[in-house]
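A.B. asks: Can you read through this structure? Questions will come right after.
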Amino acid sequence: MLKIKDLHVSYGGIKALRGIDLEVPEGKIVTLIGANGAGKSTMLRTISGLVKADSGSITYNDKELLGLPINKVLEEGIAHAPEGRRVFANLTVLENLKAGAYLRKDKEGIQKDIRWVYDLFPRLEERHWQLAGTLSGGEQQMLAVGRALMSRPKVLMMDEPSLGLAPLVVQDIFSIIKTINDQGVTVLLIEQNANMALKIADYAYVLETGNITKQGTGAELLADESIKEAYLGKKKN
């Protein structure tokens, strides 16, 4: 289990996260919803070692991750697919996937996992030779997720995977998230499309200005009137 306890993070003297407590149980999908600037991306960046925390604890299976460099966090099984896709534009699709396995030495396993990613995202196999920078937004998002999967993570953290994508592509991305989870990968998901995120989440947290203000199962938050009004675009009668 990934556990966050009393986590405080500041940017230039401004508190981004204020005493966050959060748990991601093994094999589950946990989503974090909230407005822009609430601190959601900061949370993932802190877990993955990109941002330094002021205080608190981040453990995975009781091992402390806080303070570890990025590659050590990845070695522990925590992978991060960041917001904005961030593919290596001048590398091919296949080269991007291989870059995701840079810490691995098992050549046969890497080939097997490339096949696994191609099975999840057939479009990537069709375009394995193509430079990543020339792919569509949806294809780049698939590649960013596939590249993260190439580290064989136990926990996949995804930051706004549907951002800027066409509705049909969004449906595909969420279907893939569910498939990845069904195949044994725990998912921590940040997503502005709260409706879709809550529908697939086992558990969910609401983050507002650095504080957890509400939590519950995905179904409970979907039915919550204040969540409907704030995040699902539904007005009170």
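The values are calculated or read from the model by the stated rules, or taken from the named source; none is laboratory data. Nothing here was measured: the structure is a model prediction, and the numbers come from that model. Each accessible area value is taken on the protein alone, full model and side chains, heavy atoms only, with ligands, DNA and RNA left out. Shrake-Rupley method; radii C 1.70, N 1.55, O 1.52, S 1.80 Å.
A.B. asks: According to the Cα gyration tensor, what semi-axes, each the square root of 5 times an eigenvalue, does the equivalent ellipsoid of the range 148-237 have, listed from largest to smallest in whole Å?
C.D. replies: For the range 148-237, the semi-axes come out at 24, 15, 12 Å.
A.B. asks: I've got another one for you. As a test of the definition: which semi-axes, in Å, follow for the range 74-206 when you take the square root of five times each eigenvalue of its alpha carbon gyration tensor? Largest first, please.
C.D. replies: Ellipsoid semi-axes (Å, largest first): 22, 18, 12.
A.B. asks: Sticking with this one: Could you put 80, 128 in order of accessible surface area, largest first, with the 1.4 Å probe and the full protein assembly present?
C.D. replies: I get 128, 80, largest accessible area first.
A.B. asks: Starting from the Cα-Cα distance between residue 232 and residue 166, subtract it from 0.36 nm times their residue separation and give me the gain in nm to one decimal.
C.D. replies: Computed gain between residue 232 and residue 166 is 22.0 nm.
A.B. asks: Taking Rh as the Kirkwood radius computed over C-alpha pairs, what is the Stokes-Einstein D of the range 1-126 at 4 °C in a medium of viscosity 1.567 mPa s, expressed in µm² per second?
C.D. replies: D, rounded to a whole number, is 78 µm²/s.
A.B. asks: Right, here's the next one. Hey, how much of the P(r) for the chain falls beyond 33 Å, as a percent of Cα pairs?
C.D. replies: Summing the P(r) tail past 33 Å for the chain gives 16 percent.
A.B. asks: Calculate the length of the line joining the C-alpha centroid of the range 1-31 to that of the range 95-119, in whole Å.
C.D. replies: Spelled out, the Cα-based centre of one part sits 30 Å from the other.
A.B. asks: Any of 63/107; 52/228; 40/107; 63/199; 72/199; 28/199 with alpha carbons more than 25 Å apart? Name them for me.
C.D. replies: 63/107; 52/228; 40/107; 63/199; 72/199, as the Cα separations exceed 25 Å there.
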